[in-house]
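First comes the structure, then the notes that go with it.
The values are calculated or read from the model by the stated rules, or taken from the named source; none is laboratory data. This one's a predicted model, so the numbers in the text were calculated from it and none came from an experiment. All Cβ positions, even for glycine, are placed from backbone atoms using ideal geometry, and neighbour counts span all protein chains on display.
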Amino acid sequence: MTNQAPTTEPLSQQETARLLRLATYASTSVALLLIAAKLAAWGASGSVSLLATLIDSVLDALASIINLVAVRHALTPADREHRFGHGKAEALAGLSQSLFIAGSAGFLLFEAVDHIINPVAVKSVELGIMVMIISIVATVLLLGFQQYVIRKTNSTAIRADALHYKTDLMVNSSVIVALLLASVGWPGFDGLFAAVIGIYILYSAREIIITSYDHLMDRELPDEDREKIKALVLEHPSARGLHDLRSRHSGTMTFIQLHLELDDHLSLMAAHKISDEVEERILSVFPGSEIIIHIDPLSVAAQEPVADFSGIQNS
């Protein structure tokens, strides 16, 4: 999954913190509400596909609680021991979520196979379908708010949380189909759909793992973003080149570093002014980023070994 920089105007730190906290509170509340409803429906019906979506909601609640703690920690200002802030707490939360997801998928697959081999008639189909419809409506409303927060903050933790609820839409819809088929045909449809849901949940964990791992390992921004940064720098009439462009993403913060090549005869004040103007150009496209620009005289830059890895593809 690529990490796109937010395209909206930069928010204040207070507004960003407020949105992230609201998103975590909303997601936790919705997950707890759905757990209660699905637990009642599963107890009445005995449906393993309902059990599948109940497990999924329990995981959503656990993940949301982890996110709540992680976001609070990630928003802690930089301190003496953590000069780059605490943004990687979000990536750690993402990895924790993926472990919960993988474990639940394994348990669900075990239960699903047992119900396929030994089908059990499903009861209280109407109650199960009603709970699934309520779940779909609540999930759509939550996703709408989460997508708004992601656009504003580019939060990794909220993006991972939203992924859970996107899979929930498919899960809840498939449970409705499973309940209907199991009630009018072969009861094994219930277990079959649960197995498919388990495999999909397991697959969805892969994306969270990749994104979290990339952030923890300081993966470069996507190639298109790096090329955009280069173009912004070279648009300045005084820029003669750049090298050693480095970038990474941590929580809601993007870090960009580069060496800016300028004419030898420029005064320190003139070079500093150009550097500030280049920084403003980059911030206009990547708002809220932390940018460090090192100024190199053009003649010196030509003699330095270039450590730019732009030729390596970000696959």
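Considering only segment 225-283, how many residues are more than 29 Å from the chain's Cα centre (by Cα), without any contact (Cβ under 8 Å) to a residue 40 or more places away in the chain and in a strand (DSSP E or B)?
Going through segment 225-283 one residue at a time, the tally reaches 3.
Going residue by residue through segment 141-164, is there one that turns out to be touching a residue at least 60 places away in the same chain (Cβ under 8 Å), over 25 Å from S29 (Cβ atoms) and among the charged types (D, E, K, R)?
no
Just checking, how many residues over segment 80-119 are aromatic (F, W, Y), modelled with pLDDT of 70 or more and not in a helix (DSSP H, G or I)?
Summing the residues that are aromatic (F, W, Y), modelled with pLDDT of 70 or more and not in a helix (DSSP H, G or I) in segment 80-119 gives 0.
So if I check each of K152, K166, which one is among the charged types (D, E, K, R) and under 24 Å from L109 (Cα atoms)? Steps first, answer last, please.
On the way: K152 fails: under 24 Å from L109 (Cα atoms).
Selected residue: K166, the only one of K152, K166 that is among the charged types (D, E, K, R) and under 24 Å from L109 (Cα atoms).
Could you look through segment 145-184, keep only residues that are surrounded by 19 or more Cβ atoms within 10 Å (Cβ to Cβ) and of a type in the set (S, T, Y), and pick out the one that is modelled with the lowest pLDDT?
Narrowing segment 145-184 to residues surrounded by 19 or more Cβ atoms within 10 Å (Cβ to Cβ): 146, 149-150, 152-165, 167-168, 171-172, 174-176, 178-179, 182-183.
Next, from what is left, pick out any that are of a type in the set (S, T, Y): 153, 155-156, 165, 167, 174, 183.
Numbers: T153: 78, S155: 74, T156: 67, Y165: 79, T167: 72, S174: 73, S183: 73.
Across segment 145-184, the extreme among qualifying residues is T156.
Would a scan of segment 209-231 turn up a residue that is surrounded by 17 or more Cβ atoms within 10 Å (Cβ to Cβ), at pLDDT below 80 and of a type in the set (A, V, I, L, M, F, W, C)?
Scanning segment 209-231, I find at least one residue that is surrounded by 17 or more Cβ atoms within 10 Å (Cβ to Cβ), at pLDDT below 80 and of a type in the set (A, V, I, L, M, F, W, C), so the answer is yes.
For segment 199-206, state whether one or more residues are under 30 Å from S275 (Cβ atoms) and surrounded by fewer than 21 Cβ atoms within 10 Å (Cβ to Cβ).
no
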